[in-house]
Amino acid sequence: MFHRTKLGLRSGRLSFKVLHLPHRGKGAAVRAGVMTARGDPVIFLDADLTIPVEILDLFHHALATGADIAIASRYVPGSIVDRPWWRRMMGDVFRAAVHLVVPTDIRDTQCGGKMYTAEAARALFSRQRLDGFAFDAEVLFLARRAGYRVREIPFALHQRKDSRIDFLVDTPKMFRDLFRIRLNAMRGLYGR
């Protein structure tokens, strides 16, 4: 359980809004949520809560000490990762592809827990275009180009549930989307 006072919430209240969206993918859903958000900071965690809510205190500390973006990372010292071997292998392959095609200087672009300053969130998600799972890599690619400071936060991941990702269908889309990011950047679609 996290304490609201540690999160820096002056009013002591959290607010939320339910968005009824057509299914267009995780990237589209997160973008809609970020662009609707009115608070500062802007946070998202995957719905399965494999990233513990307690990480919000660490995220907030990262932003309070100079980061623009704080992300949960499975690949930094101090992280504990307990997941099936095949998920680890798929993650490692995609991670290598991200580093090769879309340089971000981030070890873990895909982890589903992130906190942004409101300014960074709006600036990045207003330029972000991908609707699928590779949107994380796209946002962090844009963050690097814009000079935002990103801090990766270690955590304990215990993931034994089945994934909602269909590896045979979604994996080729994710790899295709990495090349779309590069192409979009070369064509100047992200602006500066």
Review point. Across the stretch 130-160, which residue is modelled with the lowest pLDDT among those that are surrounded by fewer than 19 Cβ atoms within 10 Å (Cβ to Cβ) and closer than 19 Å to VAL30 by Cβ?
Key: GLY132
Study note, to complete from the structure: In the stretch 9-44, anything surrounded by 10 or more Cβ atoms within 10 Å (Cβ to Cβ), modelled with pLDDT under 90 and of a type in the set (D, E, K, R) is listed as ARG24, LYS26
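Could you say whether any residue in the stretch 81-89 is under 21 Å from ALA28 (Cβ atoms), charged (D, E, K, R) and outside any helix (DSSP H, G or I)? Show your work before the answer.
To start, the set of residues in the stretch 81-89 that are under 21 Å from ALA28 (Cβ atoms) comprises none.
No, that holds for no residue.
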Revision key, fill the gap. Residue pairs qualifying under the 6 Å Cβ cut-off, at least six apart or on distinct chains, with the first in the stretch 56-80 being farther than 10 Å from PRO41 by Cβ and the second being of a type in the set (Asp, Glu), are ILE71/GLU152; SER73/ASP108; SER73/GLU152; ARG74/ASP108; TYR75/ASP108; VAL76/GLU152
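For every residue, the table says whether it meets (1) out of contact with any Phe, Trp or Tyr (no Cβ under 9 Å at 6 or more places or on another chain); (2) more than 17 Å from GLN159 (Cβ to Cβ).
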| residue | (1), (2) |
| --- | --- |
| ARG31 | no, yes |
| MET35 | no, yes |
| GLY39 | yes, yes |
| THR50 | yes, no |
| ASP57 | no, yes |
| HIS61 | yes, yes |
| ALA67 | no, yes |
Review point. Where residues in the stretch 89-129 are surrounded by fewer than 19 Cβ atoms within 10 Å (Cβ to Cβ) and in contact with a strand residue (DSSP E or B) (Cβ under 7 Å, 6 or more places away or on another chain), which of them is modelled with the lowest pLDDT?
Key: GLY112
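The values are calculated or read from the model by the stated rules, or taken from the named source; none is laboratory data. Only a predicted model underlies this, so the values are computations on that prediction, with no experimental measurement involved. Neighbour counts run over all protein chains shown; Cβ positions are idealised from the backbone, glycine included.
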